[in-house]
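Visitor: This is the structure, below, for whatever I ask next.
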Amino acid sequence: MSISKLHVTAFMLLATLGGSALAQDSTLAATPPMGWNSWNHFAGRVTDADVRGAADAIVSSGMRDAGYIYVNIDDTWEGQRDAQGIIHTNFKFPDMKALADYVHSKGLKLGIYSGPGPKTCAGFEASYGHEEQDAKTYAEWGIDYLKYDLCSFTEIMRKDAPHDRDKQFQMQKAAYEKMHQALIASGRPIVFSLCQYGWNDVWKWGTDVGGNLWRTTGDINDTYQRMADIGFGQLGLAKYAGPGHWNDPDMLEVGNGGMTDDEYRTHMSLWAILAAPLLAGNDLSKMSPETLSILLNKEVIAVDQDRLGKQGDRAFAVGMTETWTRPLTGNALAAGLFNRDTEEHSVPLHLHDLGFSDRAKLRDLWKHEDVAATKGDYTVTVPAHGVVMLRISQ
């Protein structure tokens with residue numbers, strides 16, 4: 001068989017076995033997903049009414065127009081399976097199809113939660129042994145996004161391979177691949193979010209099992225220390241991210257009240273430079289003007305959503321200050337000057353070190369104003385736990 005015929009035959013085989021997978025990978029999550037998730041604020045209390053309220057608020061606040069389109073239900077929506085094994089919702093969600101229709105009518109998309117084990121993290125029904133049924137049900141409901149949380153599957157791994165870490169790893173990959181194939185078979189494009197806390201260097205194999213994004217860490221909480229540990233801990237992961245497959249340092253805590261506005265700006269800036277999903281986790285019906293201004297900063301969002309799809313990384317670190325940069329379309333660069341100390345610091349930026357001439361243009365993305373370097377140097381005071389975020393272009 002000639003090389004050209006071999007290529008055609010291989011392509012036809014791929015199209016037959018996984019053609020929808022190819023289409024899905026090229027169209028889903030071309031930029032990091034943006035939206036809202038119920039867990040950080042509502043946790044196990046979330047209801048149908050809460051989700052509808054979040055959808056309403058996303059539209060009325062301007063968040064939808066800024067790019068926040070996924071409305072994601074986390075754990076505790078699940079009810080029991082019927083005699084045929086089909087999953088049903090519990091009393092908090094009387095009609096998931098009607099809820100999806102409502103969310104879609106707002107120009108938004110609906111996300112849901114499950115896991116490869118028998119039970120979810122909160123002890124509700126998960127997808128073990130019912131992957132194809134569940135994916136089919138999600139598609140029939142109109143689901144657009146699935147967060148798939150490892151949780152109780154770890155018990156199966158330990159039981160079946162108690163002392164074999166490599167076998168446990170292979171079992172974990174197979175479990176995610178099984179749901180990936182089920183999602184493809186459902187016929188509906190559904191973003192696949194792997195939630196297994198960064199174990200086994202998931203960034204190295206997440207795309208192999210169909211992941212559009214994968215958690216790189218354990219859970220975030222609404223404290224500066226935890227947010228900073230997670231965000232600055234993404235050092236070195238940039239090469240594993242790109243269009244359709246993103247590192248996920250967990251959801252945003254902006255507006256939940258545990259950090260200062262400067263700390264929340266650090267949170268938002270760092271996630272944007274990391275090309276991280278921007279999934280708000282606050283009560284959208286009770287946002288202060290400052291919270292809304294952080295979540296709606298279109299210049300910072302533009303960095304996160306930059307079509308080049310290159311994740312940023314740390315460029316310099318001096319004492320308690322760090323400078324992180326991210327390549328942008330048009331040969332531009334985003335730079336975050338972060339101060340991790342509890343008192344303000346003066347942070348210098350030397351344009352030549354970043355490959356720019358003295359004539360480079362600088363824009364402060366939080367002040368929404370152009371600033372100027374002096375002979376190629378720009379020095380700025382950064383508040384405690386704060387950030388100055390710049391866009392640099394020639």
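Values quoted throughout were computed directly from the atomic coordinates according to the rules given, and no laboratory measurement underlies them. No experiment lies behind these values; they were computed from the predicted model shown. In this analysis, Cβ positions are derived from the backbone assuming ideal geometry, glycine residues included, and neighbour counts consider all displayed protein chains.
Visitor: About its Cα centre, how strong a charge dipole does segment 313-393 have in debye, to the nearest 20, once Lys and Arg get +1 and Asp and Glu get -1 at the Cβ?
Guide: For segment 313-393, the charge dipole is close to 320 debye.
Visitor: Rank by packing, highest mean first: peptides 46-57, 309-320, with packing defined as the count of other Cβ atoms within 10 Å averaged across residues.
Guide: 46-57, 309-320
Visitor: Non-local amide H neighbours of residue 279 (under 5 Å, H modeled in plane, Pro and chain starts lacking H): which ones?
Guide: HN-HN under 5 Å from residue 279: 35, 252.
Visitor: Moving to a separate point now. Placing +1 at every Lys and Arg Cβ and -1 at every Asp and Glu Cβ, with all other atoms neutral, what dipole size does segment 173-240 have around its Cα centre, in debye to the nearest 20?
Guide: Rounded to the nearest 20 debye, it is 200 debye.
Visitor: Report the Cα centroid-to-centroid distance between segment 223-259 and segment 38-54 in angstrom, as an integer.
Guide: 22 Å
Visitor: Sticking with this one: In vacuo Debye scattering of segment 240-394, one point per C-alpha: log10 I(q)/I(0) at q = 0.16 Å⁻¹?
Guide: Here log10 of I(q) over I(0) equals -0.88.
Visitor: If one takes the longest principal axis of the Cα atoms in the chain, at what angle in degrees, from 0 to 90 and to the nearest 10, does the Cα axis of helix 261-273 lie?
Guide: 70 degrees
Visitor: So, one more: Projecting each Cα onto the charge dipole of the chain (Lys/Arg +1, Asp/Glu -1 at the beta carbon, about the Cα centre), which of 270, 303, 121 comes out farthest on the positive side?
Guide: Of the listed residues, the answer is 303.
Visitor: To the nearest 10 degrees, how steep is helix 96-105 against the longest Cα principal axis of the chain, on a 0 to 90 scale?
Guide: 40 degrees
Visitor: Can you tell me the equivalent ellipsoid semi-axes for segment 20-304? Use √(5λ) from the Cα gyration tensor, largest first, whole Å.
Guide: 28, 23, 17
Visitor: How large is the charge dipole for the chain, taken about the Cα centre, if only the Cβ atoms of Lys, Arg (+1) and Asp, Glu (-1) carry charge, to the nearest 20 debye?
Guide: Computed charge dipole of the chain: roughly 980 debye.
Visitor: For segment 288-323 and segment 160-217, write down the distance between their C-alpha centroids in whole Å.
Guide: 28 Å
Visitor: Under the rule of at least 5 residues apart or a separate chain, name every residue whose amide H is placed under 5 Å from the amide H of residue 126.
Guide: 119, 120
Visitor: Tell me, what HN-Hα J-couplings in whole Hz come from the Karplus equation 6.51 cos²θ - 1.76 cosθ + 1.60 at θ = phi - 60° for each residue of segment 166-182, using x for Gly and Pro?
Guide: 5, 5, 4, 4, 5, 5, 5, 4, 5, 5, 6, 5, 4, 6, 4, 5, 5
Visitor: What is the pair-distance distribution P(r) of segment 313-393, computed from all Cα-Cα distances in 5 Å bins starting at 0, with each bin given as a whole percent?
Guide: Spelled out bin by bin, segment 313-393 gives 3, 16, 28, 28, 17, 6, 1, 0 percent.
Visitor: State the extension gain, in nm to one decimal, for the chain segment bounded by residue 379 and residue 104, taking 0.36 nm per residue of separation less the distance between their alpha-carbons.
Guide: Going from the current span to full extension adds 94.3 nm.
Visitor: Residue by residue, what Karplus-based ³J(HN,Hα) values in Hz, rounded to whole numbers, does segment 309-315 have, using 6.51, -1.76 and 1.60 with θ = phi - 60° and x for Gly and Pro?
Guide: These are the phi-based 3J(HN,Hα) values: x, 9, 6, x, 8, 6, 9 Hz.
Visitor: Related question: For the chain, what is the percent of antiparallel DSSP beta bridges, rounded to the nearest 5?
Guide: The antiparallel proportion sits near 60 percent.
Visitor: Turning to a different aspect of this structure: As a test of the formula, what do you get for the chain when each DSSP H run with n ≥ 4 contributes -39,500 (n - 2.57) and the sum is divided by the residue count, at 222 nm and rounded to the nearest 500 deg cm²/dmol?
Guide: Dividing the helical sum by the residues of the chain leaves -10000 deg cm²/dmol.
Visitor: Where does the longest stretch of the chain lie that holds no GluC sites (Glu not before Pro) found in a DSSP loop with 15 or fewer other Cβ atoms within 10 Å?
Guide: That gives 1-342 as the longest site-free run.
Visitor: Then there is this: Per the chain: cysteines with no other Cys C-beta under 4.7 angstrom?
Guide: Isolated Cys, the chain: 195.
Visitor: Moving on. If you average 1/r over every pair of different alpha-carbon atoms in segment 220-304 and take one over that average, what Kirkwood value in Å do you get?
Guide: 13.1 Å
Visitor: Calculate one ³J(HN,Hα) per residue across segment 232-238 by plugging θ = phi - 60° into the Karplus curve 6.51 cos²θ - 1.76 cosθ + 1.60, and present them in order as whole Hz with x for glycine and proline.
Guide: After applying 6.51 cos²θ - 1.76 cosθ + 1.60, I find 6, x, 7, 3, x, 9, 4 Hz.
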